[in-house]
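Enquirer: Got a structure here, written out as structure tokens. Questions coming.
The values are calculated or read from the model by the stated rules, or taken from the named source; none is laboratory data. No experiment lies behind these values; they were computed from the predicted model shown. Positions of Cβ are backbone-derived with ideal geometry, glycine not excepted, and every protein chain shown enters the neighbour counts. Note: areas computed on protein heavy atoms with side chains; ligands, DNA, RNA excluded. Shrake-Rupley method; radii C 1.70, N 1.55, O 1.52, S 1.80 Å.
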Amino acid sequence: MLNDVAKTTVGGTDVRTGKSFPVGENIYGPFEAGFSSQQNQRLEDIFGCANGEDGHVAGGIDTSTAEQMVAAQCGVTLPRMEGNKYISLLDECGGHTNEYHFHERMSCLYKEEGGHSAKVGETLDGKNLYGKWEDYATKTLPELDACGGHHGVTPDSSGKSVYHYHVQDAAPFTVGCFGPNDDDSLVTVAQCRDFYSGCDGDLVDVTFPGGSKQYDLWCPCFDATGSNTGVNIVELAVFSPGATTLAPTLAPTTTATAKPTSTTTATTTTTTTATTTTTTTTTTTTTTTATSTTTTVTSTTTTITTTTTTTAASPTTTQPTPTEAAVTTQAGGTSCGAELSASEAVVASLTQEVALLKAALEAARSCSTRQRGRRIIV
């Protein structure tokens, strides 16, 4: 997250200074490389630190927080105007250094007008980056996932809902990771943290004017409070029950056939058949065919037979018909009481096995979801 995450696709001009920005400028992730003794002169001459040593900041801290740390440590105000000179870690458009690159804002690249903000860049994963507004006319900001993106219609998507990124006022500013997940779902803060070794929970204290906070160096996954510590995560607004930004509905694209098993596939069918015999010989034949939409179970027996079928299918689920979930009891030469007791024992045993299989299936689904998504390689 220290270097490129995107490049600009439009040029622009700083209205106050007249400085122009060509197409193809680099857009970096949220982090500053840090300030050490090599930056002492800059810290003194530009930022106004009496002693450059006072302004040292570790690498792996977002540019906004790093700037406020320098301000607190050197006892200066940042950003500030001195005559006609803007004093800040970044210029008014959100970039800096002789080898110019953006970190924040990119306000010189688009106009705040109309509805959805215009496109300003293209990320390294081939998706589009837009200005900060979902609808400028109503001053509506987009609800974004931990990667900085969401699904929605854009000015150039021909009316289709597509995953795209927006510039943000707070870290990660543009891109926190490359979304969405592999199943097209939005990326949570916890999932984002799983993508990065830097999100290790090894926290440091950072001080800024008016307070201090803990910070996880090199972790670009920020929750709704702006914290990247991973402690007591406050999930982003897009994941709240009332959120309206949803992933587009996907049609099934694959068909899978599975044998009875507890392993999770595109379509998983688990069939458990138990036969209780009393005084007769029992023969049971079970044939199971599973696709993404159909489950057929055929059972033939001459004694007490209990068949339980559990089907979990994605993206569609077919509920078993009454005959598929039937429990059949036939007399086998013993009393009704004995048959009933035997049947109840079988049902109790099968109920426990089905519960264990369901738990295994949910664990596999949870593991699969946590591993989805893409991280940014730096």
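Enquirer: Within the set of pairs 6 or more residues apart or between chains, which connect a residue that is without any contact (Cβ under 8 Å) to a residue 24 or more places away in the chain inside region 21-37 to a residue that is in a loop (DSSP other than H, G, I, E, B) and open to solvent by 30 Å² or more (accessible area, probe 1.4 Å) with Cβ atoms less than 7 Å apart?
Expert: Pro22/Gly11; Val23/Thr9; Val23/Val10; Val23/Gly11; Ser36/His56
Enquirer: Among the residues of region 156-166, is there at least one that is of a type outside the set (Phe, Trp, Tyr), open to solvent by less than 40 Å² (accessible area, probe 1.4 Å) and within 23 Å of Val231 (Cβ to Cβ)? Spell out how you get there, then give the answer.
Expert: Kept after step one, since they are of a type outside the set (Phe, Trp, Tyr), are these residues of region 156-166: 156-162, 164, 166.
Adding the requirement that they be open to solvent by less than 40 Å² (accessible area, probe 1.4 Å) leaves 157, 164, 166.
Going one step further and asking which of them are within 23 Å of Val231 (Cβ to Cβ), we end up with none.
Checked against the condition, which is being of a type outside the set (Phe, Trp, Tyr), open to solvent by less than 40 Å² (accessible area, probe 1.4 Å) and within 23 Å of Val231 (Cβ to Cβ), region 156-166 yields no hits at all.
Enquirer: Hey, can you tell me all the residues within region 13-61 that are surrounded by 13 or more Cβ atoms within 10 Å (Cβ to Cβ), touching a helix residue (DSSP H, G or I) at 6+ places or on another chain (Cβ under 9 Å) and over 16 Å from Thr97 (Cβ atoms)?
Expert: The answer is Thr13, Asn40, Glu44, Gly48, Cys49, Gly52, Glu53, Asp54, Gly55, His56, Ala58, Ile61.
Enquirer: Just the residues that are open to solvent by 30 Å² or more (accessible area, probe 1.4 Å), touching a Ser or Thr at 6+ places or on another chain (Cβ under 7 Å) and outside any strand (DSSP E or B), please, taken from region 211-239.
Expert: Hits for region 211-239 are Val234, Glu235, Phe239.
Enquirer: If I ask for residues that are surrounded by 18 or more Cβ atoms within 10 Å (Cβ to Cβ), over 10 Å from the mean Cα position of the chain (by Cα) and either among the basic types (Lys, Arg) or not in a strand (DSSP E or B) (or both), which ones from region 140-153 would you list?
Expert: Pro142, Glu143, listed by residue number.
Enquirer: What about Val175, is it open to solvent by less than 40 Å² (accessible area, probe 1.4 Å), touching a strand residue (DSSP E or B) at 6+ places or on another chain (Cβ under 8 Å) and hydrophobic (A, V, I, L, M, F, W, C)? Before the answer, list the steps.
Expert: Details: open to solvent by less than 40 Å² (accessible area, probe 1.4 Å): yes; touching a strand residue (DSSP E or B) at 6+ places or on another chain (Cβ under 8 Å): yes; hydrophobic (A, V, I, L, M, F, W, C): yes.
Yes; evaluated as a whole, the condition is true for this residue.
Enquirer: Quick check, is Ala71 closer than 26 Å to Gly210 by Cα, touching a residue at least 60 places away in the same chain (Cβ under 8 Å) and either basic (Lys, Arg) or open to solvent by 30 Å² or more (accessible area, probe 1.4 Å) (or both)? Can you show your working first?
Expert: Details: closer than 26 Å to Gly210 by Cα: yes; touching a residue at least 60 places away in the same chain (Cβ under 8 Å): yes; either basic (Lys, Arg) or open to solvent by 30 Å² or more (accessible area, probe 1.4 Å) (or both): no.
For Ala71, the condition - closer than 26 Å to Gly210 by Cα, touching a residue at least 60 places away in the same chain (Cβ under 8 Å) and either basic (Lys, Arg) or open to solvent by 30 Å² or more (accessible area, probe 1.4 Å) (or both) - is not met.
Enquirer: Continuing with this model, one more query. For region 25-134, which strands (runs of 3 or more DSSP E) that fit wholly inside it have 3 or more residues that are of a type outside the set (A, V, I, L, M) and under 34 Å from the mean Cα position of the chain (by Cα)?
Expert: On the way: elements: 26-28, 80-82, 85-87, 119-123, 128-130.
Ranges flagged: 119-123.
Enquirer: Still on this structure, please answer the following. Could you go through region 174-189 and let me know if any residue there is touching a Ser or Thr at 6+ places or on another chain (Cβ under 7 Å) and not in a strand (DSSP E or B).
Expert: yes
Enquirer: Within region 195-204, can one find any residue that is exposed (fewer than 13 other Cβ atoms within 10 Å of the Cβ), without any contact (Cβ under 8 Å) to a residue 40 or more places away in the chain and touching a Gly at 6+ places or on another chain (Cβ under 6 Å)?
Expert: Checking region 195-204: at least one residue is exposed (fewer than 13 other Cβ atoms within 10 Å of the Cβ), without any contact (Cβ under 8 Å) to a residue 40 or more places away in the chain and touching a Gly at 6+ places or on another chain (Cβ under 6 Å).
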